[in-house]
1. If you stretched the chain out fully between ASP80 and GLU113, how much longer would it get, using 0.36 nm times the residue separation minus the C-alpha to C-alpha distance?
2. Between GLU150 and GLU68, what FRET efficiency follows from the Cβ-Cβ distance if R0 is 30 Å, with the result rounded to 0.05?
3. Starting from the 7 Å offset along Cα-to-Cβ, what nm value, one decimal, do you get for the label separation of GLU167 and LYS37?
4. Report the residues of segment 68-92 in range of a label on LYS27: point 7 Å along Cα→C-beta, backbone N strictly under 13 Å from it.
5. What is the antiparallel percent of DSSP beta bridges lying wholly in segment 15-134, to the nearest 5?
Amino acid sequence: KCCTKNWCRKSNFKCYRLQKLGGGKLKRKIEIIIDLKVQEYSNIKLKQFDDTQIVFKVVDDGISFSLEGLKASLVFEKPDNTIVYQECIIEENKIKANLLKNCLRQNGNAKIELQLSNDKEMVSTFQVPIIIARSAKENVESDNTPNYIETLENAIRQEKIRQQNEELRNSNELE
């Protein structure tokens, strides 16, 4: 096994782990050091349908630089060659991308790249290969429509929120 609990010795990827994030939500999180000069990367393996956050530490020829004043976007090329484009958050000189559900709807080989820009210039990283492992949930076609399992899971979340709000309303009425 090549990995320790922190960084993989064979690549610039931090080892996979599920983290319990704020609000009690589980999310797959991976951290990547991405160099503007590096042209080839090892595969990143993700799971179809999982909530996933990718955190990028961007360097230029191995040297850190400030991301202040820059905008970051993620270009996700899905296995069917369609493109998902999303804005990212820059915090503490790292770029955070909470992947949209549409990115991981289809299993297979995908690619991602980051775009950094300001008002005048733009630079992109070279593509990082992604392998999206098939989920046992179902085999769905890649489109922008949530599948029935996602719809059901969303309905359950919404019902829990509604029940919490109802309990809060009832307790406020009793006071």
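1. 10.2 nm
2. Calculated transfer efficiency: 0.25.
3. Using points 7 Å along Cα→Cβ, the separation is 5.6 nm.
4. Inside the label zone: 88-91.
5. Values: 33 of 45 bridges.
Taking every DSSP beta bridge within segment 15-134, about 75 percent pair in antiparallel fashion.
Any read-out appearing in this document is the output of simple, stated calculations on the displayed coordinates, not a laboratory observation. Worth saying up front: this structure is predicted, and the values here are computed from it rather than measured. In this analysis, Cβ positions are derived from the backbone assuming ideal geometry, glycine residues included, and neighbour counts consider all displayed protein chains.
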